[in-house]
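J.: Handing you this structure, nothing more for now.
The values are calculated or read from the model by the stated rules, or taken from the named source; none is laboratory data. Just so you know, these numbers come straight off a predicted model, no measurement behind them. Ideal geometry is used to build each Cβ from the backbone, glycine not excepted, and the neighbour counts take in all protein chains shown. What goes into the accessible areas is simple: the full protein's heavy atoms, side chains included, and nothing from ligands, DNA or RNA. Shrake-Rupley method; radii C 1.70, N 1.55, O 1.52, S 1.80 Å.
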Amino acid sequence: MKVPVSALDGCGESFHAADERQKKASTSFFADTGLMALLCHHDHVLWLVNMTSAGEKQHYALVLLKYLFDHLPTTTTVGLLYDIGCQLEHSCHKWKLLDEGILSRLKFGISVFHAYGHQWPCQIVYHPHKCVGFGLSDGEGCEQLWSSLKMLIPILQVSGYHQRLFVLDNQICHFDKKAVAALGQWLNKKWTLCKSKKMLALESLHAIHIDMQTLQEEWAAQAKSNGAKLLAHILSLEKSVQDYQRCVDQLEMDLVNDHVNDIMDFELQCTAAKGLLSKATQAFHQKKSALGVSAQTDLYLLRSNKWLQTQTNAQALKSHVESSIKRREPAISHPITTYNTLSPSGAIPPLPIPTKGIFQLDVDSDIWQDGGPGEGSSEIPHWLADADVHKGIRLMLEVDCCNEEERTLSREQSALQEWFAAEWQSLQGALENAGQCKCQFHGTISHNM
C-alpha cells in the first residue's frame with residue numbers, strides 16, 4: 001500500500017464522499033439523488049451517471065472508469081483526480097474491483113481543493129502537484145460544472161424522469177459546444193499561465209542559490225519521513241491515555257484519602273475524566289490495530305527515542321492549536337504564542353505560526369510540518385529547519401509541474417493544428433466538389449432544354 005491504513009482512515013473521516021452511508025437526499029422523495037460526472041482534461045463532460053442511492057457509492061465511479069477504458073486503446077494511461085482517490089484505489093486493490101489491466105494503466109490522484117482535508121502522507125502520494133504526471137491540472141472541473149448546473153435544481157426537482165434527462169443532456173451539449181468553439185482560447189490561456197508560473201518559480205529558485213540535486217534529495221527525505229509522523233501521532237495518543245489515566249487515579253486517591261469536599265462535584269469530575277480516558281483509549285487502539293507488522297516494530301523502537309518523546313509533547317500542543325483554529329478565532333492567540341515559544345532541550349524548535357492570516361493556511365504552511373530526524377539521528381534535516389530549502393522544494397515541484405504542463409500543452413497544440421488542417425482540407429475539397437457539381441448540373445439542364 002502506498003499510504004498507511006491509519007492515514008486512509010483519517011482521510012475517510014474528513015469527507016462525506018468516503019462515507020457511503022451518508023445520505024445526501026432521500027430516496028423516498030427523489031428517484032435520482034444526484035449526479036456523478038467524468039470530465040476530460042479540458043473539463044468537457046464525457047459521461048454522466050444518475051445516482052439512485054442515498055450515499056455516494058464507489059460503484060458509480062467504477063462504472064464510469066470501466067466505460068472509459070472500454071473506449072480507449074489498451075496502451076493508454078489515464079490519470080484520475082477524484083475527491084477521495086486514495087480511498088478508491090485502496091478499495092480497488094483490496095477487493096479487486098477493477099481488472100489488473102485497468103489498474104496498471106490508471107494513476108490515482110486527489111483534486112487540489114480537496115487535498116487540504118487529506119492526511120499529509122496521503123498528500124505526498126496523491127496531491128497532483130506533488131506527484132508526477134498531472135502537470136498543473138487541479139481536478140476541479142466538476143465543481144465548475146455543478147456551479148453551472150445549479151440553476152436547474154429547482155426545476156428538475158419537480159420534473160419527470162425523462163424530462164430531467166432531456167434537460168440535462170441538452171444543457172451539457174450546450175456547454176460542450178461552447179467549450180469546443182473556445183478551445184483555442186483555452187489552450188492559449190493555459191500556455192500563458194504555465195509560462196508565467198514557471199518564470200516566477202525559476203526566478204525565485206535562482207535567488208535562494210540551492211542546486212536542484214540537493215532539493216531533490218531533501219524532498220525525497222521529507223516524503224520518506226511520513227511513516228514516522230504517523231507513529232508519532234500514535235505515541236501522542238498513547239501519552240494522552242496515560243495523562244487521562246493519571247487524572248482518574250488522582251481522583252480516586254483523593255476519595256480514598258478523604259480529600260473530597262463536595263461529593264457531587266467529585267462525581268461529575270470523575271465521570272468526565274473516565275469519559276475522556278475511554279475515548280482516548282478507543283482512538284489509540286483503533287489507530288494501533290491498523291498498523292502493519294513492520295509499523296508495529298517501528299513503533300516499539302520509537303518509544304525509546306528521546307527526541308520523539310519531546311516532539312510528542314509539542315505535537316499535543318500543536319494539535320490543540322489546529323483544533324482551536326477550526327472552532328473559534330478569539331481563543332487562538334494564546335496557544336499560538338505558547339507554540340511559537342516552545343523549544344524543548346535537544347529538539348527542533350517549532351516553526352513560527354503567524355497570528356495574522358491563520359485562517360488562510362496553505363497546504364504547504366509551516367503548521368503542517370510535524371516531522372523530525374529519524375531514529376538515532378542528531379542532525380536537523382534541512383527540509384525542516386532550513387527555510388530556503390523548504391521554499392526551494394515547493395518551487396522545484398512547481399517547476400516540474402510547469403514542465404509537465406508544457407509538454408502536455410505542446411501535444412494539445414499539435415493535435416489542434418492537425419485537426420484544423422484536416423478540417424480545412426475537407427472544407428476546401430467540399431467547395432471544389434460543390435463547384436464541379438454545380439457546373440455539371442447547369443450543363444445537364446441546358447442539354448435537356
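Residues are listed down the side, and each one gets a yes or a no for (1) at pLDDT below 85; (2) among the polar types (S, T, N, Q); (3) at negative phi; (4) surrounded by fewer than 13 Cβ atoms within 10 Å (Cβ to Cβ):
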residue: Trp219; (1), (2), (3), (4): no, no, yes, no
residue: Gln222; (1), (2), (3), (4): yes, yes, yes, no
residue: Met253; (1), (2), (3), (4): no, no, yes, yes
residue: Lys279; (1), (2), (3), (4): no, no, yes, no
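J.: Please determine, by comparing only the residues of the stretch 87-121 that are among the hydrophobic types (A, V, I, L, M, F, W, C) and in contact with a strand residue (DSSP E or B) (Cβ under 7 Å, 6 or more places away or on another chain), which one is surrounded by the most Cβ atoms within 10 Å (Cβ to Cβ).
T.: Just the residues of the stretch 87-121 that are among the hydrophobic types (A, V, I, L, M, F, W, C), to begin with: 88, 92, 95, 97-98, 102-103, 106, 108, 110, 112-113, 115, 120.
Restricting the remaining residues to those that are in contact with a strand residue (DSSP E or B) (Cβ under 7 Å, 6 or more places away or on another chain) gives 88, 106, 108, 110.
Working: Leu88: 22, Leu106: 19, Phe108: 22, Ile110: 28.
Here the answer is Ile110.
J.: Mind checking which residues of the stretch 153-191 are touching a residue at least 24 places away in the same chain (Cβ under 8 Å) and open to solvent by 90 Å² or more (accessible area, probe 1.4 Å)?
T.: Gln157, Tyr161
Yes or no, residue by residue, for (1) among the aliphatic types (A, V, I, L, M); (2) within 21 Å of Ser289 (Cα to Cα); (3) at pLDDT below 90; (4) surrounded by 14 or more Cβ atoms within 10 Å (Cβ to Cβ):
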| position | (1), (2), (3), (4) |
| --- | --- |
| Leu230 | yes, yes, yes, yes |
| Ser236 | no, yes, yes, yes |
| Asp258 | no, no, yes, no |
| Asp262 | no, no, yes, no |
| Asp265 | no, no, yes, no |
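J.: Kindly establish whether Leu291 is in a loop (DSSP other than H, G, I, E, B), modelled with pLDDT under 85 and under 29 Å from the mean Cα position of the chain (by Cα).
T.: Here the answer is yes, as Leu291 does meet what is asked.
J.: Let me ask you something else. Going by the structure shown, is Lys150 in a helix (DSSP H, G or I), more than 24 Å from His174 (Cα to Cα) and open to solvent by 40 Å² or more (accessible area, probe 1.4 Å)?
T.: On the way: in a helix (DSSP H, G or I): yes; more than 24 Å from His174 (Cα to Cα): no; open to solvent by 40 Å² or more (accessible area, probe 1.4 Å): yes.
Spelling it out, it is not the case that Lys150 is in a helix (DSSP H, G or I), more than 24 Å from His174 (Cα to Cα) and open to solvent by 40 Å² or more (accessible area, probe 1.4 Å).
J.: Scan the stretch 398-437 for residues that are of a type in the set (Asp, Glu) and either touching a strand residue (DSSP E or B) at 6+ places or on another chain (Cβ under 6 Å) or touching a residue at least 12 places away in the same chain (Cβ under 8 Å) (or both) and report the count. Before you say what the answer is, go through the steps one by one.
T.: Quick first cut of the stretch 398-437, residues of a type in the set (Asp, Glu) only: 398, 400, 404-406, 412, 418, 423, 432.
Filter again for either touching a strand residue (DSSP E or B) at 6+ places or on another chain (Cβ under 6 Å) or touching a residue at least 12 places away in the same chain (Cβ under 8 Å) (or both), leaving 398, 400, 404-406, 412.
Residues in the stretch 398-437 being of a type in the set (Asp, Glu) and either touching a strand residue (DSSP E or B) at 6+ places or on another chain (Cβ under 6 Å) or touching a residue at least 12 places away in the same chain (Cβ under 8 Å) (or both): 6 in total.
J.: Residues of the stretch 194-204 being among the aliphatic types (A, V, I, L, M) and either touching a helix residue (DSSP H, G or I) at 6+ places or on another chain (Cβ under 8 Å) or open to solvent by less than 90 Å² (accessible area, probe 1.4 Å) (or both), which ones? Explain how you work it out, then say what you get.
T.: Step one: of the stretch 194-204, the residues among the aliphatic types (A, V, I, L, M) are 199-202.
Once the filter is applied, which keeps residues that are among the aliphatic types (A, V, I, L, M) and either touching a helix residue (DSSP H, G or I) at 6+ places or on another chain (Cβ under 8 Å) or open to solvent by less than 90 Å² (accessible area, probe 1.4 Å) (or both), the stretch 194-204 yields Ala201, Leu202.
J.: So which helices (runs of 4 or more DSSP H) are wholly in the stretch 82-143 and hold at least 2 residues that are charged (D, E, K, R) and on the phi < 0 side of the Ramachandran plot?
T.: Working: elements: 85-95, 100-103, 112-115, 120-126.
So the answer is 85-95.
J.: Scan the stretch 26-43 residue by residue and report those that are open to solvent by 30 Å² or more (accessible area, probe 1.4 Å), touching a residue at least 60 places away in the same chain (Cβ under 8 Å) and of a type outside the set (D, E, K, R).
T.: Hits for the stretch 26-43 are Phe30, Ala31, Leu35, Leu39, His41, His42.
J.: Criterion first (modelled with pLDDT under 95 and over 24 Å from Tyr126 (Cβ atoms)) does Ala17 satisfy it?
T.: Values: modelled with pLDDT under 95: yes; over 24 Å from Tyr126 (Cβ atoms): no.
Answer is no for this residue.
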